[in-house]
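Asks: I have a structure here, written as structure tokens, and I will follow up with some questions on it.
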Amino acid sequence: GYMLRRMQRPLFLAFQLPLLFLFFSWNGEAFQRGFYPSPSSTIHHSRFRASSSSFIFVPRSNSGVSHQSHNILYHHEAPATSLSSSSHHDDDLATPAPPPRFLQGVDEWMQQHLLEPHREILGTWQEFSRHLLNQVNQRHLQDCQRPSPLEMENKNRHEQPQQSPQLSFELMSSMKNGHHPQSSTTPYKIALQSKPNGAPLLNSTSIEILRQSAEAHWQREQQRQQDSVDNHKLSSRFTYQRPGNYEAHIADLGPHVTEGILNPLLQQHIYPAIRTHFGARRGSSSSSSENDDDERLFVYDALYIRYNATEAAAAAAAAASASAADAIGSSQDGTASIPSTAASPTAGAGQPLHRDLSLVSVNVMLNDAFEGGGTFFENQLLSETTTTTTSTIAPLRPDGGVGHCLLHSSLERHAGANTWKGVRDVMVVFVSATETPRAIQTALLKQGAANWPTATTMEEDNDRMASNPSIPQFWKSLCQNRLALDLMPQDGEAYQYLANALVAAADSYQGTDTTLSQQILQWACQSYEQACRLAPCDARSFNNLGLAYTKLRDRTLHQPAAMSPVNDFMIRETYHRGMQILEESHLAGCNVARDRTALRLNYGLFVANQDDWQGAAEILRPLFLTNRPPENDDDVVWNNARRLYDMCVREMDQQRSQSQVRCQ
């Protein structure tokens, strides 16, 4: 457990702060193995709980990429010279970097402790990998074959006369200096937009039809829910729900929308733009088809989304009032030591950082009667070094305004920035490809979509692994994320999820083999470190690395300081960097309340454990300068942070009182 050097502190933490269990999220599911790690990124749709991590389309450039290269280095984490090439190895994408040395140790351990004892179930790694890939390919095939009124790409599109001229597009730079942060000459382009001086993708008539159709759909849904037994307010069907968010699937709005508006846009503008500006490439590890002509683009999903800032502010005000009342009621002297949260609401309507389970996302601006909003990209922080209370980064919008669009690779981790005032309407189209790309394979593996094989048939069996006590549950995540790294060696998120599984494995061996447990924990730290290198703007990796460092330090306290793999400075620097990233995202209008609260709580606990009460209070205080996040699942974490802040204030008051007594 978490130990303090004075007896009253462990008693306080054990009975008043239920904080001593880390919740390492893996593949979109919370796994109770420790404290408050950052959750895995969730995608935009309620049907899946994973995030895409790579991309199959190659821009037309002079990078000299071999289309036959097995180790494709297109990933979301690192800076890019183009829209889809996101590798650090910009000059030699066809030559992948060698894998980190620690992976060899992980592979040998997996071979000895999993594959050999269960060879009758799993077979060799090649056989097991083939089974997992077949599982995710079947999952993607189901999406391709799902009936939809939205048309697939017409393979004969070039032979048909265009009913209207194709739109013109241009690249957008996300950097304030317009360049790669590691180079003064390499441009960094994160999105494509329809040219501001050109025609919009949607005219005012089409936008009005879309708006009326979506509002009619919401009214029907509201009435249906009111008439049902479960009478509750209509809310968004996003995986991550917030007050003020609404969505309508374009396919549900009727043929006057799908056939009259969207299908012509797909065939005449959207599909050709993706082919022209991103290039066409399957990027699949399957051998179902060797002919790239068999690949066709299709719409994975299309949504009309509304962000209502008024409803979001009302929900935040109610949560703030409840928080203030709870703080006063729980205080010993009837007054809260927390800064007041009863000010005017600062919460907006938006979406947190996520990735879309598709290849290209198309975002169409449908109105402009709002403040805030836009699409915030995590990699916009690559050049951000501000330490002030304002940010130089602004979420991206089409410069042409209403009717114009942004296109970006779905592998880019992004967020719907908070809309502070008014109502923001957008249409988002998620485009994928029929041949299973590595982007989708990797995303589904990280989500844990592949089923565990049976002992003899290697067929689907969800319950086989759970019912076999000799195979711990963490192996499923570990194997699938290890395979994801075989497919995408530069995927920082896969390294992060692999590390989460390694931490769980280290805990499972702690009681039986402490030496092996410590070695696995060191591998976990190295995997988190690799994730931080490949994803330098993903604060989740820094938060979880700080937790893993702390656990490793506690298990090696008996070693001389010179031999210890971790020291307090490393832990502080790791947390501090993660805190910087989240503050920069917060200042840019991105909703990072959940990760921000968890990281500051973890950091504050570490500092408080060193008797630095003032330092811990300064770390925690910014959480309470604005209203409490309205998300219900943040209540425990936020309240624990508040209690820890109260404890720090009381300790500081006690130290001042003792100092005054000594002076007298």
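Asks: Can you give the FRET efficiency for THR512 and GLN223, using 1/(1 + (r/R0)^6), R0 = 51 Å, r = Cβ-Cβ distance, to the nearest 0.05?
Replies: Once the sixth-power term is evaluated, E becomes 0.30.
Asks: Could I have the simple spin-label model distance between ASP107 and THR310, label points 7 Å from Cα toward Cβ, reported in nm to one decimal?
Replies: For the pair ASP107/THR310, the computed spacing is 6.0 nm.
Asks: Of the peptides 529-542, 438-451, 392-405, how do they stack up when ordered by the mean number of other Cβ atoms within 10 Å, highest first?
Replies: By packing density, highest mean first, the sequence is 438-451, 529-542, 392-405.
Asks: Using packing as a proxy for protection, rank 350-360, 501-511 so that the peptide with the highest average count of other Cβ atoms within 10 Å comes first.
Replies: Ranked from most to least packed, the peptides come out as 350-360, 501-511.
Asks: Taking all protein chains together and a probe of 1.4 Å, list ASP611, ASP646 from the most accessible to the least accessible.
Replies: ASP611, ASP646
Asks: Still on this model: Cross-link list LYS421/LYS446; LYS189/LYS551; LYS195/LYS446; LYS476/LYS551: which exceed 32 angstrom alpha carbon to alpha carbon?
Replies: Result: LYS421/LYS446; LYS189/LYS551; LYS195/LYS446 exceed 32 Å.
Asks: Which value in nm describes the separation of the simple spin-label points at VAL636 and GLU170, placed 7 Å from the Cα toward the beta carbon?
Replies: Each label point lies 7 Å from its Cα, and together they span 5.1 nm.
Asks: Here is a further query. Using the per-residue mean of other Cβ atoms lying within 10 Å as a proxy for protection, in what order, highest first, do the peptides 612-622, 207-217 fall?
Replies: 612-622, 207-217
Asks: With a point put 7 Å past each Cα toward its Cβ, work out how far ARG533 is from LYS155 in nm, to one decimal.
Replies: Distance between the two pseudo-spin positions: 4.3 nm.
The values are calculated or read from the model by the stated rules, or taken from the named source; none is laboratory data. What you are looking at is a predicted structure, and each value in this text was computed from that prediction instead of being measured. Positions of Cβ are backbone-derived with ideal geometry, glycine not excepted, and every protein chain shown enters the neighbour counts. Remember, those area values only see protein heavy atoms, side chains included, never the ligands or the DNA or RNA. Shrake-Rupley method; radii C 1.70, N 1.55, O 1.52, S 1.80 Å.
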